[in-house]
Amino acid sequence: MLAQVRSCAIVGLEGALVEVEVDLANGLAGFTIVGLTDTAIQEARERVRAAIKNSGAVFPYKRITVNLAPADLRKEGPVYDLPIAIGILLASGQLVPAEPIADCLFLGELSLDGSVRHTNGILPMVALARERGLRAVFVPAVDAREAALVRDVPIYAVETLAQLVAHLSGEQRLAPLPTNTTLLQEISRCCPTHDLAAVRGQDHVKRALEVAVSGGHNLLMCGPPGTGKTLLARATPSIMPPLSIEEALDVTRIYSVGGLLPPEVPLIMERPFRAPHHTISHAGLVGGGRQPRPGEISLAHRGVLFLDELPEFSQYVLEALRQPLEDKVVTISRAQGSVTFPANFMLIAAMNPCPCGYLHDVARECTCSPAAVRRYQKRVSGPLLDRIDIQVEVPRVAYEKLAGAPAPESTERIRTRVEAARERQRQRFAGTRLTCNAEMGPAEVQAFCRVDEAGQRLLKAAVQQLALSARAFHRLLKLARTIADLEGAELIGSAHVAEAVQYRPRIAP
């Protein structure tokens with residue numbers, strides 16, 4: 001007898017429907033699973049066998065063939081345990097559903113006692129069920145809060161295989177989960193871990209961070225060790241506007257597919273802050289693997305990617321950032337196909353000016369030779385520096401500022417200005433996919449970055465004296481547009497251009 005049940009696979013960050021076909025035939029008993037599967041799916045035979053027996057059913061002594069279609073789509077992970085078990089019970093006649101289940105989706109890993117365990121990628125799978133208009137989705141109970149974030153599709157939380165069989169047969173019905181609207185409303189009340197007001201001194205760096213966050217610009221801090229570069233970077237999320245519901249769901253989908261979303265945290269409510277070590281590999285940063293998984297730049301989507309000790313990263317790894325910084329996505333190509341992950345992040349980097357770290361320091365003398373300083377700074381290429389809008393020096397903090405009273409300006413005031421600037425940008429880009437000034441292309445720069453006469457004269461002098469490339473010229477205009485937005489100005493003035501020019505790269509490429 002043949003039975004068909006629907007499940008789902010993950011391709012990149014999107015779901016793909018999988019037909020689980022189960023055939024029971026006479027002959028020598030066996031259990032075969034086909035359909036371009038991995039080791040975890042092949043091991044499902046033992047999990048499904050034990051789960052069926054320990055759930056009060058009888059595992060059929062037949063020749064069992066399970067096909068996961070389409071056969072040319074690679075499947076991986078234990079998400080198919082539950083649909084395979086349901087298919088076997090249907091094919092053996094032990095389960096007679098009270099309603100048709102051809103338009104239902106079954107997701108979950110089975111333990112040996114029949115309980116249903118956590119599964120990665122629940123959010124995009126349930127979203128696919130809504131897009132395809134499926135009648136119901138059955139998910140592990142531990143993933144119920146994550147699945148309930150998707151609206152307009154009935155979702156049922158399943159704790160055990162026996163419970164699901166009782167529901168399908170009509171003996172003991174389960175109630176569909178309500179949409180998790182309360183969790184969505186908690187995003188605006190989320191508080192960051194670090195506070196920018198805790199940083200003493202470095203007022204000009206805080207101003208640069210405010211400008212960078214307001215427009216989504218990339219920033220590089222350069223200074224001696226111990227001057228607060230890392231603390232400033234980690235406090236950046238405290239002045240960033242809260243995630244919108246759409247952004248939170250977008251980020252949560254990435255973490256769900258990557259297996260980084262704990263069952264007790266169904267929704268990412270803070271802007272991501274990723275700080276990989278400088279020994280990270282190319283695949284770890286941009287994503288990869290036999291079945292491509294998102295890397296650090298995708299995990300930092302809608303948030304901050306912080307690269308501390310920038311020159312210590314492999315040059316091959318750093319150069320891989322050039323395309324994502326421009327396109328806001330990263331495409332990973334393999335022999336089986338290619339997948340595209342979002343990578344719309346704000347890059348914050350920190351570095352020492354030389355190998356010993358004390359070049360131009362007022363308190364300690366640098367021991368590096370000029371050639372060593374040049375080699376050290378050359379580790380960061382010119383094309384990468386050209387994609388960083390803001391560079392600031394982070395000098396040593398004087399004792400009076402360290403021991404003095406906290407800064408008079410609170411983080412809330414800075415965040416208020418940032419949110420006001422972002423709101424102006426949202427109104428400006430209404431009806432487009434742009435969210436901030438850093439995402440503007442040449443057409444948007446020409447349309448929205450209007451400069452007054454004094455600003456144009458200063459801009460012309462800056463282009464000639466600094467020998468700016470076309471990309472650097474556009475980035476300078478976008479940065480000046482952000483500074484003008486912070487002041488609520490419609491036209492870009494000379495003061496805005498002057499501040500943008502002083503943030504241009506100082507490290508020789």
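Every number in this text was worked out from the coordinates using simple rules, so none of it is lab data. Keep in mind it's a predicted model, so treat the numbers as computed, not measured. For neighbour counting, all protein chains shown are included, and Cβ atoms are generated from backbone atoms with ideal geometry for every residue, glycine included.
How much of the DSSP bridge set in the chain is antiparallel, in percent, rounded to the nearest 5?
Looking only at bridges with both residues in the chain, the antiparallel portion is about 50 percent.
Starting from the Cα of residue 53, move 7 Å in the Cα-to-Cβ direction to define the label point; list residues of the stretch 88-117 whose amide nitrogen is under 12 Å from there.
It comes to 112-113, nothing else.
Contour minus end-to-end for residue 410 and residue 275, with contour as 0.36 nm per residue of separation and end-to-end as the Cα-Cα distance? Write out the running numbers ahead of the final one.
On the way: separation 135, 0.36 × 135 = 48.60 nm, distance 2.52 nm.
Result for the pair: 46.1 nm of gain on full extension.
Would you mind calculating the gained length between residue 166 and residue 203 on full extension (0.36 nm times residue separation, minus the Cα-Cα distance), in nm to one decimal?
Answer, rounded to one decimal: 6.9 nm.
Can you give me the Rg/Rh ratio for the stretch 1-135, using Cα atoms for both radii and the Kirkwood formula for Rh?
Radius of gyration relative to Kirkwood radius: 0.94.
In nanometres, what is the gap between the two model label sites at residue 102 and residue 34, each 7 Å from Cα along Cα-to-Cβ?
2.3
Indicate, rounded to the nearest 5 percent, the antiparallel portion of the DSSP beta bridges found entirely in the stretch 188-408.
35
May I have the extent of the alpha carbons of the stretch 188-408 along their three principal axes, as whole Å values ordered from largest to smallest?
55, 44, 27
What relative contact order, as a whole-number percentage, does the stretch 188-408 give when Cα pairs under 8 Å and 6 or more residues apart are counted?
30
For Cα Rg over 2.2 N^0.38 Å, which listed value, (1) 1.63; (2) 0.99; (3) 1.17, comes from the coordinates shown?
(3)
Enumerate the amide H contacts of residue 243 below 5 Å, restricted to partners 5 or more residues apart or on another chain; note that Pro and chain-start residues carry no placed amide H.
Hits under the 5 Å cutoff: 271.
What percent does the relative contact order of the chain come to when contacts are Cα pairs within less than 8 Å and at least six residues apart?
For the chain, the relative contact order is 13 percent.
Rank 148, 66, 124 by how far each Cα sits towards the positive end of the charge dipole of the stretch 2-179 (+1 on Lys, Arg Cβ; -1 on Asp, Glu Cβ) and give me just the farthest.
Of the listed residues, the answer is 66.
Run the dipole for the chain about the Cα centre, Lys and Arg Cβ at +1, Asp and Glu Cβ at -1, nothing else charged, and hand back the magnitude in debye, nearest 20.
So the dipole magnitude of the chain works out to roughly 1000 debye.
Under a Cβ-only charge scheme (Lys and Arg +1, Asp and Glu -1), can you give me the dipole magnitude of the stretch 108-165 about the Cα centre, in debye to the nearest 20?
Using only the charged Cβ atoms, the result is roughly 220 debye.
First measure r as the distance between the Cβ atoms of residue 135 and residue 446, then evaluate 1/(1 + (r/R0)^6) with R0 = 56 Å and state the FRET efficiency to the nearest 0.05.
Working: r = 50 Å, r/R0 = 0.89.
So the FRET efficiency works out to roughly 0.65.
So which GluC sites (Glu not before Pro) in the stretch 378-461 are both in a DSSP loop and have at most 15 other Cβ atoms within 10 Å of their Cβ?
409
How big is the dipole moment of the stretch 441-509 about its Cα centre under a simple scheme where the beta carbon of each Lys and Arg is +1, that of each Asp and Glu is -1, and everything else is neutral? Debye, nearest 20, please.
Using only the charged Cβ atoms, the result is roughly 400 debye.
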